[in-house]
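Enquirer: Quick one: structure below, then a few questions.
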Amino acid sequence: MKNIFEAPFVQEMMRTTANMYRLGWDERNGGNISYMLDEKEVGEYLDLTKVIRTIPLGFQAQSLVGKIFIVTGTGKYFKNVEYDPETNLGIIRIAKDATTAELLWGYKDGGKFTSELPAHLMTHMTRLRKDPDHRVVMHCHPTNTLAMNQVIELDDRTFTRALWKTCTECIVVFPDGIGVLPWMVCGTNEIGEATAEKMEDYRLVIWGMHGIYGSGKDMDETFGLIETVEKAAQLYLLAAGLPRVNTIRDEELVAVAERFEVDYRKDFINA
Ligand code: 13P
Ligand code: ZN
């Protein structure tokens, strides 16, 4: 067996959580990541017949039966993952009953997966239907994006347009826009279902006054989506309240989207 601590997917989780922490997106235990792994690759590092313990999911994840994920632990601090991945991360497989997780590695102190697992797994189910290459779901509390929540209407079109108009490349990075949910109680199946429903149309979802969800085919794409939103939100706030002299006009949004041949939300452009 190869050394699990050297596995690219463990290393990637260590690097990503450290980056997110240093960017100020994940104070204390804020934020969580789940990453769907290739069974054959995991089998090079772990005996897949050995289940350490089982943990109830609290919902049905039928289309994910047999799938393996590496997931951050609940209550764990992103700043600590790189120093003790086996306590702060876990590798789980969705059991045949679709309502139980089989722990294959990690959560060494008896812990369990993030309290936001419903939103993660429900999002994986939705995004995998849209794109078989989908792999990663990431949640965090980026500072500027959250501040922007306080000064702008919480709806998909308004929020997307504000970001697109802040920074020329936004429409190229997230032409599908950003979905926005109202404030809701977190850690529930209800917010999970609402998130997954938004993920039918978007790869980015704002949880009103809480944070952001990103989904993508790898860690870079997902991180890059959130990073671009957060940069645009920072620019938006830096200019907010100042006399507005220049903005990106709607025809300019269309021109850049067409130049880069992205399938943008036409109904988010003013005629
Ligand atoms: P967990 O510690 O359970 O992952 O929760 C953090 C969080 O950001 C809740 O939304
Ligand atoms: Zn959160």
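Enquirer: Please report 105, 164, 183 as a ranked list, fewest other C-beta atoms within 10 angstrom at the top and most at the bottom.
Expert: Ascending Cβ contact count within 10 Å gives the list 183, 105, 164.
Enquirer: May I pose another question? Compute the Rg to Rh ratio over the chain from the alpha carbon atoms, using the Kirkwood formula for Rh, and round to two decimal places.
Expert: 0.99
Enquirer: Using a simple spin-label model with points 7 Å from Cα along the Cα→Cβ vector, what separation in nm is obtained for residue 270 and residue 193?
Expert: 3.7
Enquirer: How do 64, 117, 235 line up, fewest other C-beta atoms within 10 Å first?
Expert: Final ranking by Cβ density, sparse to dense: 235, 64, 117.
Enquirer: Relative contact order for the chain: what is it in percent, counting Cα pairs under 8 Å that are at least 6 residues apart?
Expert: Working: 518 pairs, mean separation 49.5, N = 271.
Reported relative contact order: 18 percent.
Enquirer: Per-residue ellipticity at 222 nm for the chain, helices alone: DSSP H runs ≥ 4 residues times -39500 (n - 2.57), over residue total, nearest 500 deg cm²/dmol?
Expert: Rounded to the nearest 500, it is -11000 deg cm²/dmol.
Enquirer: Can you tell me the Rg and Dmax of the range 189-241, counting just the alpha carbons, in angstroms?
Expert: So, for the range 189-241, Rg and Dmax equal 12.6, 38 Å respectively.
Enquirer: Something else about it: Normalized C-alpha radius of gyration of the range 1-89, against 2.2 N^0.38 Å?
Expert: That works out to 1.14 for the range 1-89.
Enquirer: Using θ = phi - 60° and the Karplus curve 6.51 cos²θ - 1.76 cosθ + 1.60, what whole-Hz ³J(HN,Hα) does each residue of the range 21-34 get, with Gly and Pro shown as x?
Expert: 4, 5, 7, x, 8, 9, 5, 6, 9, x, x, 7, 9, 10
Enquirer: Provide the FRET efficiency to the nearest 0.05 for the residue 158-residue 1 pair, computing r from the beta carbons and using R0 = 35 Å. Kindly include the intermediate steps, with their values, before the conclusion.
Expert: Working: r = 52 Å, r/R0 = 1.48.
Efficiency, from the Cβ-Cβ distance: 0.10.
Enquirer: Additional query: What is the spin-label model distance, in nm, from residue 218 to residue 244 if the labels are put 7 Å beyond Cα along the C-beta direction?
Expert: About 3.8 nm, to one decimal.
Enquirer: Separate question: Which three numbers, in whole Å and largest first, are the semi-axes of the equivalent ellipsoid of the range 50-113 derived from its Cα gyration tensor as √(5λ)?
Expert: Equivalent ellipsoid semi-axes, largest first: 22, 11, 10 Å.
Enquirer: Follow-up. Over the range 88-217, what is the mean sequence separation of C-alpha contacts under 8 Å (at least six apart), divided by residue count, expressed as relative contact order in percent?
Expert: Reported as a whole number, the value is 29 percent.
Enquirer: Just the Cα atoms of the range 176-271: what Rg and Dmax do they give in Å?
Expert: 15.3, 45
Enquirer: For the chain, find the longest principal axis of its Cα atoms and tell me its angle to the long axis of helix 117-130, 0 to 90°, nearest 10.
Expert: Its long axis makes an angle of about 70 degrees.
Enquirer: Please tell me the relative contact order of the range 1-149 in percent, rounded to the nearest whole number, where contacts are Cα pairs under 8 Å and at least six residues apart. Can you show the working numbers first?
Expert: On the way: 267 pairs, mean separation 43.7, N = 149.
RCO, the range 1-149: 29 percent.
Enquirer: Listed highest first by mean packing, meaning other Cβ atoms within 10 Å per residue, what order do 150-160, 87-97, 40-50 come in?
Expert: For the peptides 150-160, 87-97, 40-50, the packing ranking is 87-97, 150-160, 40-50.
Enquirer: Along the Cα→Cβ direction, 7 angstrom out, place labels at residue 27 and residue 53. What is the inter-label distance in nm?
Expert: About 3.1 nm separates the two model spin labels.
Enquirer: Here is a follow-up. List, largest first, the extents of the alpha carbons of the range 66-211 along their principal axes, each in whole Å.
Expert: Dimensions of the range 66-211 along the principal axes of its Cα atoms: 45, 32, 28 Å.
Enquirer: Work out how much length residue 185 to residue 254 would gain on full extension: take 0.36 nm times their residue separation and subtract the Cα-Cα distance, in nm to one decimal.
Expert: That pair, residue 185 and residue 254, stretches by 21.2 nm at full extension.
Enquirer: Now for a separate question. Given a Förster distance of 51 angstrom, what is the FRET efficiency for residue 44 paired with residue 263, based on the Cβ-Cβ distance and rounded to 0.05?
Expert: Plugging the Cβ-Cβ distance into 1/(1 + (r/R0)^6) gives 0.85.
Enquirer: May I ask you to derive the FRET efficiency for residue 62 and residue 168 from their Cβ-Cβ distance with R0 = 35 Å, giving the value to the nearest 0.05?
Expert: Approximately 0.25, to the nearest 0.05.
Read-outs throughout are calculated quantities, based only on the coordinates presented, and are distinct from any laboratory measurement. Please read all numbers here as calculations on a predicted model, not as lab measurements. All Cβ positions, glycine included, derive from the backbone under ideal geometry; neighbour counts span all protein chains shown.
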